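FYI, it's all coordinate maths here, none of it is from the lab. Note that this is a predicted model, so its numbers are computed, not measured. Positions of Cβ are generated from backbone atoms using ideal geometry, with glycine treated the same way; all protein chains shown enter the neighbour counts.
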Protein chains: 2
Amino acid sequence: MSGNAGGGFGVSTIAERELIHFIREASVSTAPDLIKSIGDDCAVFGKATGAGQWLISTDTLVDGVHFDRSWHAPELLGRKSVAVNLSDIAAMGGRPRFVLLSLCLPPSLSTTWLHSWLAGATAILAEYDCVVIGGDTVRGSELVISVTVLGEPAGKQALYRCGAKPGDVVFVSGPLGSAAAGLALLQRSKGEGVAVGSLWQELLAAHLNPVPQIELGQALAMSGWVTAMQDISDGLATDLAHICQESGVGSRVYAEKLPCLPILDRAALFLGQEKKDLQLKGGDDYQLVFTVRAGQEIALQTLVMTTLHRQIYQVGVITEGCGVIVQKNDGSLQDMSFQGYEH
Amino acid sequence: MSGNAGGGFGVSTIAERELIHFIREASVSTAPDLIKSIGDDCAVFGKATGAGQWLISTDTLVDGVHFDRSWHAPELLGRKSVAVNLSDIAAMGGRPRFVLLSLCLPPSLSTTWLHSWLAGATAILAEYDCVVIGGDTVRGSELVISVTVLGEPAGKQALYRCGAKPGDVVFVSGPLGSAAAGLALLQRSKGEGVAVGSLWQELLAAHLNPVPQIELGQALAMSGWVTAMQDISDGLATDLAHICQESGVGSRVYAEKLPCLPILDRAALFLGQEKKDLQLKGGDDYQLVFTVRAGQEIALQTLVMTTLHRQIYQVGVITEGCGVIVQKNDGSLQDMSFQGYEH
């Protein structure tokens, strides 16, 4: 944003990454007890390693921008409001512990809606053994939900975005593009005829009720083989670009290797969108993208399969250079760095 | 709020204390590493005492509800957005360390305004050796500023609202009613003719640029003579009632002993308001209210005078029972519990 400073134009013309720079401008990277400042999924403070090290992250969701109440049931929105924060803890290999809930509530919101939202939020918190320790409720003209989560590293220390080295292998934790397709289906139908039980059920659930990858994140961090990690909130093209930027490396992603739900092909056709675009640019999946030391791929896949009974997916490699280069099925290359979803 | 649950009416009919109950409903009071949950100025987590104990608090300010941009200069609003959070740390006898800034920004907001706001926020943070370590910026239709602050106890442990005992003496840290009078003057004139330099300068400054009582809070906590403390954000009648509620005691406040700026008499006359109402119900002063073990009043006043070169003001006593009883100059008594300012 530095190039624009003082221009005096409205913030609507500024991209999200530039707005983040605005806060980055004010932040510092060194202070006593500060282990990691802004520029990762969480900030890290406290002891240098082990017990006494804390992770913290905050995310704000705005009605009409990040969710649509006309089709997002309050219980599921309560779950998602918390899940997107838990995902930041997952991305550092952490265990969520405490949250603070800040709500800006419009007068039109009913207490019934609010109680359902709270039931969803407390349900997912209980599932991850995480508790509410504070918050704030204020009045405003639109619903704004801000959640701050505290966690601790499951292993000796948190896993950052900055550890990827050329030769490392790029993995993702699960199907991509599901949430973006689910959202597009909801937008197209305005929520009609796409209820739970429909053909698109899995895609809708990916958008409406994402699952933070807490257990997997902890297992990956504790394996000792993972060099960098982050969650996929803005699309792989953007989120892998963050790892590249923070690590000072580049990456090549093989489009044909990107995992997806079987139903995604049919949804892409129905929506008239490229499947690869949904997988690379689609946000809100809350899967993990991570890099693994070369030679440890099989060992890690085996570890995850035997302990968590699930797969992880090799999708590319870390290279010299910078950015995210996508190799399509025909062998052609395309720089897609930061082409993900912008909230 | 439990009596209203399921009623389905809008939140506009619900008072702020009831909204806080909404979050309290979801919160727990016991968990490993959780020392103090919701119900105080900050939650406290980490080690039971000393190094490794952390304080956390979050406050949300909404345009048109908590501030008015037509007369609140962005630099001063940046300072105040942080100050109200630092005040929560002061109220626990803590040292502020880190903040997270979350901003919901309307498209109409200029980058010039935003940079001035940030300049104010970073200036006050620097004054208290506190640093930005994260945050979030999102788009919305109205400006919402949410600040989360982390601190640590200056002494061995934090000072709570729950330690007051009958016989303790009630003190406040400085003049009351200033900010409420300042706000009323700004509202009446719509910001015209009440610029810095005016007759009302001190009252305006109290509202526009409050000073968190960080140094005093630390000195009081470390003295060992203070039994309970909190900051005055919603007016003495409400904030002392919180101490009474959490401590299971009552209090008597002597109206004639409440300190104020000399200009408050004139402002009350000009505004047609009772001076005592401004002092007891007026919010946003961010002074501290605290209780002192009987017999230590003089020692504490001397300590504060010799180390910080300032006064503290004895205004009442803690009693058996509950609530805040105000004794007027004519000797009559009035229960004013929770009659403070509602945001």
ask   = Taking a threshold of 26 Å on the Cα-Cα distance, which of the pairs A:Lys80/A:Lys275; A:Lys80/A:Lys328; B:Lys47/B:Lys80; B:Lys165/B:Lys275 fall above it?
value = A:Lys80/A:Lys328; B:Lys47/B:Lys80; B:Lys165/B:Lys275
message = Counting only helical runs of four or more DSSP H residues, what would the 222 nm mean residue ellipticity of chain A come to if each run contributes -39,500 (n - 2.57) and the total is spread over all its residues?
response = -10500 deg cm²/dmol
note = Output field shielding_mean for B:124-130 (other chain Cβ, 10 Å radius) holds 1
task = Quote the relative contact order of chain B in percent (integer), defining contacts as alpha-carbon pairs under 8 Å separated by 6+ residues.
result = 21
message = Can you tell me which of A:Val249, A:Val169, A:Val28 moves the most in a GNM of chain A? Springs connect C-alpha atoms under 10 Å apart.
response = A:Val28
note = Shielding of B:244-255 by other chains, given as the mean Cβ count within 10 Å, works out to 0
Fluctuation leader among A:Ser251, A:Ser116, A:Ser233 - chain A, Gaussian network, Cα springs under 10 angstrom = A:Ser116
Candidate aspartates and glutamates - alpha carbon under 18 Å from A:Lys257, same-chain residues fewer than 8 apart omitted = A:Asp168, A:Asp239, A:Asp265, A:Glu274, A:Asp277, A:Asp285, A:Glu297, A:Asp330, A:Asp335
note = Bridge orientation stat for the protein assembly as shown from DSSP, antiparallel percent rounded to 5, came to 75
inquiry  = Within 10 Å of each Cβ in A:50-57, how many Cβ atoms from other chains are there, averaged over the peptide?
reply    = 4
note = Packing-ranked peptide list from A:49-57, B:202-210, highest mean Cβ count within 10 angstrom first, is B:202-210, A:49-57
inquiry  = For A:Lys190, give me every one of the lysines with a C-alpha distance below 19 angstrom, ignoring sequence neighbours fewer than eight places off in its own chain.
reply    = none
query = Just going by the charge dipole of the protein assembly as shown, with Lys and Arg at +1 and Asp and Glu at -1 on Cβ, which of A:Gly177, A:Gln339, A:Ile38 is farthest out on the positive end?
reply = A:Ile38
ask   = For the charge dipole of chain B, defined by +1 on Lys and Arg C-beta atoms and -1 on Asp and Glu C-beta atoms about the Cα centroid, which residue among B:Ser141, B:Ile232, B:Thr60 has the Cα displaced farthest towards the positive pole?
value = B:Ile232
key: Spatial separation of Cα centroids for segment B:242-292 and segment A:89-106, in angstrom   = 36
Segment A:194-343, relative contact order [Cα under 8 Å, separation at least 6], % = 38
